[in-house]
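**Student:** Sharing a structure below in structure tokens format, with a few things to ask.
The values are calculated or read from the model by the stated rules, or taken from the named source; none is laboratory data. Quick caveat: nothing in here was measured; it's all calculated off a predicted structure. Positions of Cβ are generated from backbone atoms using ideal geometry, with glycine treated the same way; all protein chains shown enter the neighbour counts.
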Amino acid sequence: MSRYREVYDAWLKDPLAFWAEAAKDIDWIKPADRVFDPAAGVYGRWFPGALCNTAWNCLDRHVERSRGGVTALVYDSPVTKVRRTWSYAALLDEVATFAAVLAQHGVGKGDRVVIYMPMVPEAVIAMLACARIGAVHSVVFGGFASKELATRLDDAKPKVIVSASCGIEPGRVVKYKPLLDAAIDLASFKPETCIILQRPMEQAPMTPGRDMDWETLVAVARSTGKRAECVPVSATDPLYILYTSGSTGQPKGVVRDNGGHMVALNWTMRNFYGVEPGETFWAASDVGWVVGHSYIVYAPLLAGCTTILYEGKPVGTPDAGAFWRVISEHTVAAMFTAPTAFRAIKKEDPNGALIGKYDLSKFRTLFLAGERSDPDTVKWAEEKLNVPVVDHWWQTETGWAISGNPVGLGKLPVKYGSAAVPMPGYGVEILDDGGHEVPRGHLGNIVVRLPLPPGCLPTLWQASERMGPSYLDEFHGYYKTADAGYMDEDGYLFIMGRTDDIINVAGHRLSTGGMEEVLASHKDVAECAVIGAADALKGELPVGFVVLKAGVSRPAADIEKELVDLVRDRIGPVAAFKTAHVVARLPKTRSGKILRGTMKKIADGVDYKMPATIDDPTILEEITAVLRGG
Ligand code: COA
Ligand code: AMP
């Protein structure tokens, strides 16, 4: 029997008592004056008046309670063939030392630190070191190019940037330092200090006076016994900023606070994921994404678990058995990844032959998120691994699951294609465009009744005025998720797609509007459109269509290649933008709106209705011919 209904109803009946109870599992320097202040912030603030420190709760308190010898972090890197572990006591030592290095370089409470790093343990150490001294980190995913990084530098204005000489992608070393240098050149804001981790595969040239060597700084701090202690911060102070795609090229700086974030994440480990202190939890994601922040770094450490930082891929490092090796070698109890990773494995090893090579007897649950879990992939994983496979739905903005099947409270029946039921904290409703609730089973806008629970974004970094237009104004009293879907008679949610221009490529969230801005900047392009076309492996892939300026006579193939290169150069390889088509015209409504939805249907090969407002229906035939290679 699942306790889900009882627990959800307890939250519904008295939300403040529910979160006050959950807050007891956190160490507070000073308890909150009240659980929630509805008058503070944009929609209220959780735990005002409380003082706390997130790094203390992740590290020191476990050491204080005689758990310093428990493994906190495992670094498993098939691409460098390195495996290392840190106990809670050892990780605390690294973090306190690096925090002292940051402090020495002028980083104090409230200062920002941008972390642009591959999947190395130093990224985790840097994040926790910031938390320790009350600094605000902003991790930028390594697959983003200089321009994206520059935009984030200008917005976050970091006192220090922490980076590395390189990342390792299968078959190639990605030099990070030239990307960082180019970003600093592009940005108006110039940081005073960059701390660079020199990796053995690539020695980065250093800019005198600005660039410092990670290892040297840490060695000096260590030899002089420098350590930084935890700085008390308000529960409502920012812990980090994580930029995510908005509907333009200007990313949104999602702010996470300290107190509510700890309470919510800690609650999820036992109640949602069903994992106990001392067990191993593995999120195969990247620290540059929200899944990495929440479930590689913060939640497992808050809960006293062992977490794994995996620098590798599901396939090719070295084969489609990589995940099973990690699970068996590190006795993983629960794993979290994106469905696309399983589609990649299934493609290479359709019969799951490599699974049999490993002992997975301690593995209990597979969690999937980041994009819709297609029933075929879920069923394949269930059958081959013989464990429950749980789809759960969330966003960078929420930081933890809005809905899912809470195995910790007792698993509910699975419905394939559904991200299961709302979590305590989230009053989920489905509304039509006019803001009226739609009947069960009917598609609509998925919204969450305000206030959002602890852990969700209280605001956008130095842009609280963007909260209204982005999330709160359209449906009064609700947070707009910008996902569309329906709820069935049993209260199960089915997430069907975005209502804005965001697409999901291999579990990565990208804005087609941002890509259009890049295409439009090409000197020969008059107008353009980017759509997300269905892809069997990555879920969606961007496809661009451009109309050239009058008089341009260069070969279309040359321009198409330049456009592909331009997106890779401006946004980064993560955009996976590999297809651009030069077309004569774009299909539009009579009022001039480009019919992207119809173009997507054509690309996906699904039936479409001729839009009543279309200006010239023959253009759709032209688009069809281009997509069919005609
Ligand atoms: N630094 C530099 N480049 C990076 C990078 C990084 N940190 N991460 C990805 N890239 C590059 C890749 O090398 C690839 O480059 P290419 O076009 O030259 O091949 C490009 O960005 C696209 O990356 P990706 O979409 O991840 O494709 P992939 O083919 O490398 O791998 C999967 C596909 C499915 C194996 C991979 O996306 C995956 O494991 N995804 C699931 C886990 C996950 O990350 N989820 C995210 C949120 S939970
Ligand atoms: P991100 O902010 O990168 O985590 O991306 C959030 C978006 O990914 C959501 O708004 C959804 O569109 C999509 N998403 C995440 N998890 C799921 C899921 N389990 N099912 C369907 N879509 C999902």
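**Student:** Report every pair of residues separated by at least 6 positions or lying on different chains whose Cβ atoms are under 8 Å apart, first residue within the stretch 601-621 and under 11 Å from A534 (Cα atoms), second assigned to a loop (DSSP other than H, G, I, E, B) and of a type outside the set (F, W, Y).
**Tutor:** Within 8 Å, the pairs are K601/D607.
**Student:** Residue by residue through the stretch 375-396, note down the ones that are within 10 Å of ligand 2 (Cβ to nearest atom) and either among the acidic types (D, E) or under 16 Å from the mean Cα position of the chain (by Cα) (or both). Full working, then the answer.
**Tutor:** Our first condition is that a residue be within 10 Å of ligand 2 (Cβ to nearest atom); within the stretch 375-396, this holds for 390-396.
Correct list: D391, H392, W393, W394, Q395, T396.
**Student:** Go through the stretch 1-57 and report how many residues are touching a Phe, Trp or Tyr at 6+ places or on another chain (Cβ under 9 Å), within 30 Å of F475 (Cα to Cα) and among the acidic types (D, E).
**Tutor:** Total satisfying the criteria: 1.
**Student:** Among the residues of the stretch 596-605, is there at least one that is within 16 Å of ligand 2 (Cβ to nearest atom), of a type in the set (A, V, I, L, M, F, W, C), under 18 Å from I502 (Cα atoms) and within 34 Å of the chain's Cα centre (by Cα)?
**Tutor:** Looking for residues that are within 16 Å of ligand 2 (Cβ to nearest atom), of a type in the set (A, V, I, L, M, F, W, C), under 18 Å from I502 (Cα atoms) and within 34 Å of the chain's Cα centre (by Cα), one finds none in the stretch 596-605, hence no.
**Student:** Going residue by residue through the stretch 224-237, is there one that turns out to be within 16 Å of ligand 1 (Cβ to nearest atom) and not acidic (D, E)? Before the answer, list the steps.
**Tutor:** As a first pass, look at the stretch 224-237 and keep what is within 16 Å of ligand 1 (Cβ to nearest atom): none.
No, every residue in the stretch 224-237 fails to be within 16 Å of ligand 1 (Cβ to nearest atom) and not acidic (D, E).
**Student:** Could you grab the pairs with beta carbons closer than 7 Å, sequence gap of 6+ or different chains, first residue in the stretch 279-298 and small (G, A, S), second one buried (at least 23 other Cβ atoms within 10 Å of the Cβ) and modelled with pLDDT under 95?
**Tutor:** G288/G142
**Student:** To continue, here is another question. Restrict the check to the stretch 308-327 and report whether at least one residue is away from ligand 1 (no atom under 15 Å from the Cβ), closer than 22 Å to I125 by Cα and at pLDDT 95 or above.
**Tutor:** Among the residues of the stretch 308-327, not one is away from ligand 1 (no atom under 15 Å from the Cβ), closer than 22 Å to I125 by Cα and at pLDDT 95 or above, which makes the answer no.
**Student:** Here is a check on your reading of the model: is R61 modelled with pLDDT of 95 or more, touching a strand residue (DSSP E or B) at 6+ places or on another chain (Cβ under 9 Å) and either in a loop (DSSP other than H, G, I, E, B) or not hydroxyl-bearing (S, T, Y) (or both)? Explain how you work it out, then say what you get.
**Tutor:** Details: modelled with pLDDT of 95 or more: yes; touching a strand residue (DSSP E or B) at 6+ places or on another chain (Cβ under 9 Å): no; either in a loop (DSSP other than H, G, I, E, B) or not hydroxyl-bearing (S, T, Y) (or both): yes.
No: the conditions fail for R61.
**Student:** Which of the numbered conditions does A625 fail, given that it passes all the others? Conditions: (1) in contact with a strand residue (DSSP E or B) (Cβ under 7 Å, 6 or more places away or on another chain); (2) assigned to a helix (DSSP H, G or I).
**Tutor:** The single condition A625 does not satisfy is (1).
**Student:** Could we say that T207 is under 24 Å from L153 (Cβ atoms), outside the structural domain of E122 (by TED's automatic domain parsing) and surrounded by fewer than 21 Cβ atoms within 10 Å (Cβ to Cβ) here?
**Tutor:** No.
Every residue, every condition in (1) surrounded by fewer than 23 Cβ atoms within 10 Å (Cβ to Cβ); (2) within 16 Å of ligand 1 (Cβ to nearest atom); (3) more than 13 Å from the chain's Cα centre (by Cα); (4) not in a loop (DSSP other than H, G, I, E, B), yes or no:
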site: Y243; (1), (2), (3), (4): no, yes, no, yes
site: H261; (1), (2), (3), (4): no, no, yes, yes
site: W267; (1), (2), (3), (4): no, no, yes, yes
site: Y273; (1), (2), (3), (4): no, yes, yes, no
site: V287; (1), (2), (3), (4): no, yes, no, no
site: H293; (1), (2), (3), (4): no, yes, no, yes
site: V297; (1), (2), (3), (4): no, yes, no, yes
site: P300; (1), (2), (3), (4): no, yes, yes, yes
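**Student:** Can you tell me which residue among D483, D500 is closer than 25 Å to L149 by Cα and within 16 Å of ligand 2 (Cβ to nearest atom)? Let's see the steps before the verdict.
**Tutor:** Working: D483 fails: closer than 25 Å to L149 by Cα.
D500 is the lone residue from the list that is closer than 25 Å to L149 by Cα and within 16 Å of ligand 2 (Cβ to nearest atom).
**Student:** Applying the selection to the stretch 35-48, what residues are more than 27 Å from the chain's Cα centre (by Cα), surrounded by 15 or more Cβ atoms within 10 Å (Cβ to Cβ) and either under 23 Å from G108 (Cα atoms) or not hydrophobic (A, V, I, L, M, F, W, C) (or both)?
**Tutor:** Scanning the stretch 35-48 gives a single hit, D37.
**Student:** Do we have any residue at all in the stretch 367-390 that's under 26 Å from T85 (Cα atoms) and in contact with a strand residue (DSSP E or B) (Cβ under 7 Å, 6 or more places away or on another chain)?
**Tutor:** Step one: of the stretch 367-390, the residues under 26 Å from T85 (Cα atoms) are 367-368.
Within this subset, residues satisfying the condition of being in contact with a strand residue (DSSP E or B) (Cβ under 7 Å, 6 or more places away or on another chain) are 367-368.
Yes, because at least one residue in the stretch 367-390 is under 26 Å from T85 (Cα atoms) and in contact with a strand residue (DSSP E or B) (Cβ under 7 Å, 6 or more places away or on another chain).
**Student:** Please pick out the residue among G399, G408 that is within 18 Å of Y295 (Cβ to Cβ), more than 13 Å from ligand 2 (Cβ to nearest atom) and modelled with pLDDT of 95 or more.
**Tutor:** Values: G399 fails: more than 13 Å from ligand 2 (Cβ to nearest atom).
None of the other options fit; the residue is G408.
**Student:** Sort out which residues of the stretch 430-460 are touching an Asp or Glu at 6+ places or on another chain (Cβ under 7 Å) and either surrounded by 24 or more Cβ atoms within 10 Å (Cβ to Cβ) or under 25 Å from A20 (Cα atoms) (or both), and write them in order of number.
**Tutor:** Result: I446, V447, R449, C456, L457, P458.
**Student:** On the basis of being assigned by TED's automatic domain parsing to the domain that holds L186, assigned to a helix (DSSP H, G or I), over 21 Å from G106 (Cβ atoms) and among the hydrophobic types (A, V, I, L, M, F, W, C), does L149 make the cut? Working first, answer last.
**Tutor:** Details: assigned by TED's automatic domain parsing to the domain that holds L186: yes; assigned to a helix (DSSP H, G or I): yes; over 21 Å from G106 (Cβ atoms): yes; among the hydrophobic types (A, V, I, L, M, F, W, C): yes.
It is true that L149 is assigned by TED's automatic domain parsing to the domain that holds L186, assigned to a helix (DSSP H, G or I), over 21 Å from G106 (Cβ atoms) and among the hydrophobic types (A, V, I, L, M, F, W, C).
**Student:** OK, next. Kindly provide the set of residues from the stretch 505-541 that are buried (at least 20 other Cβ atoms within 10 Å of the Cβ), within 15 Å of ligand 2 (Cβ to nearest atom) and not in a loop (DSSP other than H, G, I, E, B), ordered by number.
**Tutor:** If the condition is that a residue be buried (at least 20 other Cβ atoms within 10 Å of the Cβ), within 15 Å of ligand 2 (Cβ to nearest atom) and not in a loop (DSSP other than H, G, I, E, B), then V505, H508, L510, S511, T512, G514, G532, G539, E540 are the ones that fit.
**Student:** Here is a follow-up. If I filter the stretch 511-525 for residues that are of a type in the set (D, E, K, R), over 21 Å from G246 (Cβ atoms), assigned by TED's automatic domain parsing to the domain that holds R554 and within 16 Å of ligand 1 (Cβ to nearest atom), do I get at least one hit? Spell out how you get there, then give the answer.
**Tutor:** Step one: of the stretch 511-525, the residues of a type in the set (D, E, K, R) are 516-517, 523-524.
Adding the requirement that they be over 21 Å from G246 (Cβ atoms) leaves 523-524.
Checking which are assigned by TED's automatic domain parsing to the domain that holds R554 leaves us with 523-524.
Going one step further and asking which of them are within 16 Å of ligand 1 (Cβ to nearest atom), we end up with none.
No.
**Student:** Kindly provide the set of residues from the stretch 302-321 that are within 13 Å of E279 (Cα to Cα) and in contact with a strand residue (DSSP E or B) (Cβ under 9 Å, 6 or more places away or on another chain), ordered by number. Walk me through how you get there before you give the answer.
**Tutor:** So the first thing to find is which residues in the stretch 302-321 are within 13 Å of E279 (Cα to Cα), and the list is 302-308.
Across the stretch 302-321, the qualifying residues are A303, G304, C305, T306, T307, I308.
**Student:** Enumerate the strands (runs of 3 or more DSSP E) found wholly within the stretch 331-429, keeping only those where 2 or more residues are more than 12 Å from ligand 1 (Cβ to nearest atom), touching a Ser or Thr at 6+ places or on another chain (Cβ under 7 Å) and free of Cβ contacts under 8 Å to residues at least 60 places away in the same chain. Reasoning before the result, please.
**Tutor:** Details: elements: 332-337, 365-368, 389-391.
Hits in the stretch 331-429: 332-337, 389-391.
**Student:** I would also like to ask the following. Mind telling me which of the residues D500, D483 ends up being closer than 20 Å to G434 by Cβ, assigned to a strand (DSSP E or B) and either among the charged types (D, E, K, R) or within 16 Å of ligand 1 (Cβ to nearest atom) (or both)? Don't jump to the end; show me each part of the working.
**Tutor:** Numbers: D500 fails: assigned to a strand (DSSP E or B).
Just a single option satisfies the conditions, and that option is D483.
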